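Written out below as structure tokens is the structure these notes cover.
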Amino acid sequence: MKKIIACLMTGIMVLSLAACGSSAPAASDGGAQGSAAGGDTIRIGVFEPSTGDSASGGKKEILGMQYANSETPTVEVGGKTYNIELVVADNGSSADKAPSAASELVGKNVSLVLGSYGSGVSMAGGPKFEEAGLAAIGVTCTNPNVTAGNDYYFRICFLDNFQADVLANFAIEKFSAKKAYCLGENGNEYDQGLVAFFTQVFEAAGGEVISDSFPTNNSDFTSYLNKAKSEGADVIFTPVSIAYAKQIMEQAASLDIGIPFLGSDTLDDNMVLEATKDTNLQLYVSTFYQEGGSDTFDKGIKDYINSNSDAMTANGGNDTISAVTAMGYDAYYVALEAIKAAGSGDKAAIKQAISGVKWDGVSGSIAFDDVGDAVRDTAYIKTADTATGTWAFEKVQKGSGI
Amino acid sequence: MENTAENIALHIENVTMQFGGVVSVNNLTLDVPEHKIIALIGPNGAGKTTAFNCITGVYRPTNGLIEFMGKPIVRNHPTGKDAKTYLGENADKYAKESTLSPTPDEITKLGIARTFQNIRLWKSMTVFENVLVAKHMRAKQNVFSATFRGNAAEEKRMRDETMALLQEQGLDSYKDELATSLPYGLQRRLEIARALATDPRLLLLDEPAAGMNPQETLELADFVREIREKYNLTVFLIEHHMDLVMNISDYIYVIDFGSEIAQGVPDEVQSNQRVIEAYLGVAEEDAV
Amino acid sequence: MKKSKNYIPALTGITALLLFVVLLENISSIIPGLPSVFDPTSPLFTVLKKAAVYSLVAVSMNLLNGFTGLFSLGQAGFMLLGAYTYAILTVPAAQKDQVYYLFGGCAFDFSIVDMFEGIFGSGGAGGAFSMILGVLIALILAGCVAGFFAFLIGFPVLRLKSDYLAIATLGFAEILRAIFQWQKLGPITNGANMIKGFPTFSSFNITDASGNVIVRLSTFVPFLITSLCILLIVLLIHSSYGRAFMAIRDDEVAAEAMGVALFRHKTLSFVISSFFAGVGGALFAMYVANAQAKAFTSTMTYEILLIVVIGGIGSVSGSVLATFLYVACSEWWLRFLDSELYFGNFKVPLLRNGFRMVVFSVVIMIIVLFFSQGIMGNREISFKAFRKGKNKQ
Amino acid sequence: MEYVISVLLSGVSVGGQYALIAIGYTLVYGILRLINFAHGDVFMVAGLMGIYLTASLPISLSLPLVIILTVVLGFTIERVAYKPLREAPRMSVMISAIGVSYLLQNTATYVTGGQPMTYPSIPFLSGTVNLAGTQTKWVVIITPFLVLGLVLALSVLINKTKVGMAMRAVSKDFETSRLMGIRINSVISVTFIIGSALAAVGSILFFTNYPAITPMSGAMPGLKAFVAAVFGGIGSIPGAVIGAFLIGICETIIKGLPSSWDVSVFSDAFTFALLIVILVFKPQGLFGEAATDKV
């Protein structure tokens, strides 16, 4: 019996090694591997969750990169045309799977990395990239600690504190809110970070904040929502991940809650939108991109989604464009710019080149500061049109500049 | 027992064990004098093993006192819910004194060792290891000295003693076999050897001859006497084989439905009418 | 006695393994042109590091479940305690404000490493020595904190029967997680945010003045610590106490009747197992370079339990072997199952994201159902068995 | 006042849904002495089946089909993963249960692609109603009554029928029942069938109320239902139901406590703390019978 297992294990081992061998071309000594490795291919690593809690967002982000890749599959460097290949590794939305996904990408000799959706995995994978001297461009990881202390991590999105600032100001300007109820997941740095910054800004402006956290995998939100109502909150701020947001919206609808909801970029998702359809909910979210911001992009990606059933599934079964898709799209072009600026697929050169890259993307113009964060001073606020089940543009909101 | 000049090894007084509404042992009082072989007999379900379990700390008796070598080791009286449902006698006798309910290992440490009715050897361990574990209790060591091998001398002593014990019991040739691979008779013998390894003064044997043929039973009788001499033991045993009981016991207690119905030397017990009734059942048809 | 001689080949084996790991890690800089799998950043080394960490936790769980027969599912909780203790104690004071940015710094405004740097100096050899000493002490304290909590919780729960014990320890781990994520404890635990910036395995690489790595030790370090800990566990198992644990596993009533103080030995085993789980948790934090309560879920405990089962309940070498196979399969070799694969124009069916884990769980079920002894049963890989095999020929 | 009513309402409805899962746990544990870790995941799979079936079939057809398929699933799990281990140590069966739970979760992740799925709204159940100034779904009101009805039916089954008698006998003494000619395997299968059917009904109620399903949706309700079963005294159906309602209500009350106390995060932790306290002080639960080990 033991022998059978032993044989089986050996078999798996051999097969998979063979698979690894065939998919990863034998490389190269130390430095100039990017250009030497694939001949005329440059690989871009995609470090995104496609399983776990954040799978939904991760997949949409990948979608944007894939579309961009299908639009511009090559890059011209030094008079030579290189094919761009996207290498996807699933970080499983969890910090303990992230390092191995990161080294998977490193092992496949990518020239730079895009991702991830979610800050926790980015922070867990970051040291691997740093160690390998590989630059990573965060797409929608908004936690300040992603880039702080890691020279190799950059990002093209705004930060949590900026986003919370924007939303707090919006709440005050639009609803003259005096009392806000914040609800986040316990132990989720994204939720708790936004709630903390929101509280700072809102209280500084003389408002009152009540906040609650719910335990992971919670389903019943009616108690929290009823509490918000009985406390007389003017707005409810729920910077939670998609699955919870969906649950909260559904339950709020059946409770006839009557208080406007403010959401962060994670709520900018079809599934959340769907939950608000045919209800009397008011949902406002801050986001990176608003559909209609670039007609060519909108049209192009809708065609892409509609013509590709896998893409359709990844987008949740319809062709509404998520902001993270636009961000993924922009990230791809920023990466191309960096490769062009570096003049090769060499990872060290690319790292050097990134900080100087400027790009006018569909989500606005992108440039980096010294820490590696994108310089952004505006966010889009959009609202769920419950009659049609689409997003409607509300306004461009600036922060208070704290 | 009449002869009070003898030292009493084990003294059981008014012990009652009640499970819910069932009284398993009822007001049992008996003495086991030092260096004697005393038997506790009775029909199936009479409460013999329960009595053993009270002595060895597996159960906490509902009421009563147990003394070992003149010192109280177990004492209890019904309290709380037990007091309301208590069906036995002498409920107040021990109420003033503090209760004592040691765990089985503490009893063993005092010098009472036992075997089990259904053999309970450690099945994944060898014969040698089975006996060696019983030496663990009296070893001078702690978990650090044991892990870092600071107890090498002590470990060697334990191993040597174990080996000597196995040799005496004629089990040394099986020492690396799994305990459960031994033939039945040897497993019983190993259980006794294991109990001896705890350096007891009183040995409790729970049906040591169960499942043995007459020849083996006979050998067992000699064996029990032999170890009594060699280790200066007192033996208290439960048994069904009347041949064995009558052969080796110095004194016999008979219980039925938890209560004592007779006591005496083998001949007295053998001819006692209540004992015969208890074993054969009252011949009701004849009585009518 | 004969027994002590058996440790010599075992020690030689471990030393050889450690030397091999150092060699493997540095081979790409010694001999250029090797396949990319030997690059220091290749998945090979990530897998080795993770497996080294997990194998310690698996062995610690085996000590409890396999050798003492206590079915506890609290391993992730004790790892959490270890990880946080290590992290809080070693993040340099200078970085604490950045890491605890939501709470305006940490309540513990010191770091063991800093403390030693104060004594031995922070540069060159003194700095290295301070870091090693600081990390070691933090690791031991991590184990102690986990062990202490095990002692506290063990008092009520170790009296419970097998499956009740399992569910109670599982519950305890969940409670711990909720507490460590609580924003009100933020100044200590950093609330929901991760703690980072402490020394990791890579900090042990020897670098030259300009920061280039000369000798890599980042895989060697977890191997060394794990080997030491497992060696201790093996010594314990083969001591008088280990035998008492096994007696409890085989028959609790008989063990107690033969003078093994049941509760004391159960507590001992529980505390020791949790100590090593705590050290394992600290190593895990070093591996992922952060500490965050979110990672230490019951799924993690289940994963470790399944590793123990695959390796064979009651076999230390089985647990170690199973860990390396499990981690390598789930994180490396079977990854290809997650992406679409084409042979020419033929698309291999079923392959897409998540398929790897399905295949994996099916394999686990097959092992649980049909090979319930696991790879090793309760046997061990030993040189003795090796020699026996030779003699037969 | 409105607020108190709303908190209690959701407590009762959560409790009712836990009760339906808890019965499955308590029955199985009563008979096999097995914590069926996979039960919560069966509940989750029942929810997913509800989604996929209603997508292609009318509700009137798909809901009964959900129950039937869940029963088949529960039955199959027992036959494939637990029956071969009947003679093995209890720990092995429990590990097998954990394995099944892992498999169901991973398969669900694979099938759904890790996306949260939306449970369809079921006519009437999903409709809203205004009760004493609090708006809520019909399902919230109906759940406790439905649970009571099912429990009554179940007690009749257990106390009045032959199968029920066999189930009681097996839970009292496994070996003797076998010797007395009770077909153990059929009894166990019936137990799993009842448990799974109730879990399916539970899933319909639960997910109508909380319509997003992720692969992890079953784990927490499953564990809590188990705690409820222990709380009420394992093996006792009324115990499990009362335990479930108590836990459901306590949990929502904790969530509803003032935010300034910041204790709502401990609503899950509370359940487990309760479990530990119960196990330590009253291991037989509220209505369970104390058992003594035979030596």
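The values are calculated or read from the model by the stated rules, or taken from the named source; none is laboratory data. Nothing here was measured: the structure is a model prediction, and the numbers come from that model. Neighbour counts run over all protein chains shown; Cβ positions are idealised from the backbone, glycine included.
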For the structure I just gave you, tell me whether residue B:56 is of a type in the set (Val, Ile, Thr), in contact (Cβ under 8 Å) with a residue 12 or more places away in the chain and touching a Gly at 6+ places or on another chain (Cβ under 7 Å). no
Can you run down the residue pairs with Cβ atoms below 8 Å, 6 or more apart or on separate chains, where the first is in the stretch D:223-239 and over 22 Å from residue D:159 (Cβ atoms) and the partner is outside any helix (DSSP H, G or I)? D:226/D:35; D:230/D:285; D:231/D:285; D:231/D:286
If the Cβ limit is 7 Å and pairs must be 6+ apart or interchain, which residue in the stretch D:135-164 that is at negative phi pairs with which residue that is charged (D, E, K, R) and surrounded by 11 or more Cβ atoms within 10 Å (Cβ to Cβ)? D:135/A:256; D:158/D:168
Could you tell me whether the stretch C:277-294 includes any residue that is out of contact with any Asp or Glu (no Cβ under 9 Å at 6 or more places or on another chain) and over 25 Å from residue C:204 (Cβ atoms)? yes
Please specify each residue of the stretch C:248-295 satisfying the condition of being outside any helix (DSSP H, G or I) and under 27 Å from residue C:88 (Cα atoms). C:289, C:290, C:291, C:292
Checking the structure you have, find out if any residue of the stretch C:89-96 is more than 30 Å from residue A:110 (Cα to Cα), crowded, with 21+ Cβ neighbours inside 10 Å and away from chain A (no Cβ under 14 Å). yes
Considering C:47, C:37, which residue is facing another protein chain (nearest Cβ under 10 Å), over 28 Å from residue D:272 (Cα atoms), modelled with pLDDT under 90 and assigned to a helix (DSSP H, G or I)? C:37
For the stretch B:48-141, please list each of the helices (runs of 4 or more DSSP H) lying entirely inside it that holds at least 1 residues being assigned by TED's automatic domain parsing to the domain that holds residue B:261. B:48-55, B:80-85, B:104-110
Condition first: surrounded by 16 or more Cβ atoms within 10 Å (Cβ to Cβ), in the same structural domain as residue B:236 (by TED's automatic domain parsing), among the aliphatic types (A, V, I, L, M) and over 25 Å from residue B:54 (Cβ atoms). Can you find one or more residues in the stretch B:185-202 that meet it? no
Pairs returned, first residue in the stretch D:80-93 that is under 11 Å from residue D:33 (Cα atoms), second residue that is of a type in the set (S, T, N, Q) and in a helix (DSSP H, G or I), beta-carbon separation under 7 angstrom, 6 or more apart or interchain, are D:90/C:162; D:91/C:162
Meets criteria (in a helix (DSSP H, G or I), surrounded by fewer than 24 Cβ atoms within 10 Å (Cβ to Cβ) and within 23 Å of the chain's Cα centre (by Cα)) for residue C:11: yes
Restricting the search to the stretch D:85-143, which residues are buried (at least 19 other Cβ atoms within 10 Å of the Cβ), among the aromatic types (Phe, Trp, Tyr) and outside any helix (DSSP H, G or I)? D:119
For the stretch A:62-181, which fully contained helices (runs of 4 or more DSSP H) count at least 1 residues that are away from every other protein chain (no Cβ under 14 Å) and touching a helix residue (DSSP H, G or I) at 6+ places or on another chain (Cβ under 8 Å)? A:160-175
Could you count how many residues in the stretch C:177-207 are within 16 Å of residue C:129 (Cα to Cα) and more than 19 Å from the chain's Cα centre (by Cα)? 3
Checklist (1) within 20 Å of residue C:160 (Cβ to Cβ); (2) of a type in the set (A, V, I, L, M, F, W, C); (3) facing another protein chain (nearest Cβ under 8 Å); (4) in contact (Cβ under 8 Å) with a residue 24 or more places away in the chain applied to residue D:276, failing item: (4)
Could you tell me which of the residues D:115, D:135, D:105 is in contact with a Lys or Arg (Cβ under 9 Å, 6 or more places away or on another chain), of a type outside the set (Phe, Trp, Tyr) and within 14 Å of chain A (Cβ to nearest Cβ)? D:115
In the stretch B:182-220, how many are modelled with pLDDT of 90 or more, within 16 Å of the chain's Cα centre (by Cα) and hydrophobic (A, V, I, L, M, F, W, C)? 10
Just need a number here: residues in the stretch B:116-140 that are out of contact with any Phe, Trp or Tyr (no Cβ under 7 Å at 6 or more places or on another chain), more than 9 Å from chain C (Cβ to nearest Cβ) and surrounded by 22 or more Cβ atoms within 10 Å (Cβ to Cβ). 1
In the stretch A:182-192, how many are part of a strand (DSSP E or B) and out of contact with any Phe, Trp or Tyr (no Cβ under 7 Å at 6 or more places or on another chain)? 1
